[in-house]
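Notes follow the structure.
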Amino acid sequence: MKVKYFAWVRERIGKAEETVEPPAEVRTVGDLIGWLAARGETYAYAFEKPKVIRAAIDQTHVKPDAAILGAREIAFFPPMTGG
Amino acid sequence: MTVAATIRIQDADFDVAREIADLSKGRIDIGAVVSFSGICRGSEQGEPIAALTLEHYPGMAEAEIQRHADEALSRWPLQGLTVIHRVGRIEPGENIVLVVTASAHRQAAFEAAEFLMDYLKTSAPFWKREESARGPSWIEARGHDDAAAARWTKS
């Protein structure tokens, strides 16, 4: 699946998007955050406060308990500050 | 008649007067037009800033605005609706966002404009980064914006 990062999540990880293949036990958005955070220092820094991170599956807002099965695109970003 | 919202995300500035005129031009069923312009301030938390840079999630930003525009059209009797949000580098005094609502009477136009702005702030995927003497930094979300959006939730 494709993973996208925005704002300071993108800056901390150092890339805007990538393709990942998490193992089957990574079932939810929250699981995926934990799995990504273990990939290295930059990821650990980006996801150091998982409760702050917002997520979208296929461009729709989701909660951490949302299942990732079948997702084409998952995005992680800070709380929004537009308008 | 079905009303279609005009939604644009763009780098370029926009002309508020022209957007208002475009919405009501040639219409005699519109009795009220409300517009809200969000403008870049020259300071943030008391610190002067040189500019803001707006980042967005292309695709989802348009979809989120469309979803809330559709909800506004279903909740209020609107005759027209325009939402424009700029992205990229914006200097103090420049426009950031515009919401224009048109209706037969003022209450629907006022309420729909406020509803849309409250949701643009909390659920449309845009992020502001400020440039100040201390370097660039991301602006933090404010709790009162969440509270403002929550009051529109139907119980």
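The values are calculated or read from the model by the stated rules, or taken from the named source; none is laboratory data. Since the model is a prediction, treat every value here as computed from it, not as a measurement. Note that we place each Cβ from the backbone using ideal geometry, even for glycine, and neighbour counts take in every protein chain shown.
Note on the range B:131-142: residues that are out of contact with any Lys or Arg (no Cβ under 6 Å at 6 or more places or on another chain), at the interface with chain A (Cβ under 10 Å from one of its Cβ atoms) and over 17 Å from A:Ile53 (Cβ atoms) total 2.
Which of the residues belonging to the range A:1-42 are aliphatic (A, V, I, L, M), without any contact (Cβ under 8 Å) to a residue 24 or more places away in the chain and closer than 19 Å to A:Asp58 by Cβ? Lay out the reasoning, then the answer.
Initial filter on the range A:1-42 (aliphatic (A, V, I, L, M)): A:1, A:3, A:7, A:9, A:13, A:16, A:20, A:24, A:26, A:29, A:32-33, A:36-38.
With the extra rule that they be without any contact (Cβ under 8 Å) to a residue 24 or more places away in the chain, the set shrinks to A:16, A:20, A:24, A:37-38.
Within the range A:1-42, A:Ala16, A:Val20 qualify.
Of the residues making up the range A:58-80, those that are buried (at least 20 other Cβ atoms within 10 Å of the Cβ) and either under 16 Å from A:Lys2 (Cα atoms) or free of Cβ contacts under 8 Å to residues at least 60 places away in the same chain (or both) number 5.
What's the total number of residues in the range B:84-129 that are among the charged types (D, E, K, R), in a helix (DSSP H, G or I) and within 9 Å of another protein chain (Cβ to nearest Cβ)? Full working, then the answer.
Kept after step one, since they are among the charged types (D, E, K, R), are these residues of the range B:84-129: B:86, B:89, B:91, B:94, B:106, B:111, B:114, B:118, B:121, B:128-129.
From what is left, the residues that are in a helix (DSSP H, G or I) are B:106, B:111, B:114, B:118, B:121.
Cutting the leftovers down to within 9 Å of another protein chain (Cβ to nearest Cβ) gives us B:118, B:121.
Count: 2.
Identification of strands (runs of 3 or more DSSP E) wholly contained in the range B:5-72 with 1 or more residues that are small (Gly, Ala, Ser) yields B:32-39, B:47-56. Of all residues in the range B:45-91, those that are polar (S, T, N, Q), touching a residue at least 40 places away in the same chain (Cβ under 8 Å) and surrounded by fewer than 17 Cβ atoms within 10 Å (Cβ to Cβ) total 2. With respect to the conditions (1) modelled with pLDDT of 95 or more; (2) within 23 Å of A:His61 (Cβ to Cβ), B:Gln107 lacks only one, and its number is (2). Is it true that A:Arg39 is crowded, with 18+ Cβ neighbours inside 10 Å and among the basic types (Lys, Arg)? Answer is no for this residue.
Checking each residue in the range A:37-83 for being out of contact with any strand residue (DSSP E or B) (no Cβ under 8 Å at 6 or more places or on another chain), basic (Lys, Arg) and closer than 16 Å to B:Glu140 by Cα picks out A:Lys49, A:Lys51. Scan the range B:47-68 for residues that are away from every other protein chain (no Cβ under 14 Å) and hydrophobic (A, V, I, L, M, F, W, C) and the total you get is 2. Residue check, B:Asp15 against (1) of a type in the set (Asp, Glu); (2) more than 14 Å from B:Ala124 (Cβ to Cβ); (3) touching a residue at least 24 places away in the same chain (Cβ under 8 Å), all met but one. Which one? B:Asp15 satisfies every listed condition except (3). For the range B:137-155, the candidate set comprises residues that are among the polar types (S, T, N, Q) and exposed (fewer than 10 other Cβ atoms within 10 Å of the Cβ); within that set, the residue that is nearest to the chain's Cα centre (by Cα) is B:Thr153. Assessment of the range A:16-25 against the conditions (surrounded by 18 or more Cβ atoms within 10 Å (Cβ to Cβ) and either at negative phi or modelled with pLDDT under 95 (or both)) yields no matching residue.
Comparison of B:Ser103, B:Ser35 shows that the only residue that is under 20 Å from B:Leu120 (Cα atoms), of a type in the set (Ser, Thr, Tyr) and surrounded by 13 or more Cβ atoms within 10 Å (Cβ to Cβ) is B:Ser35.
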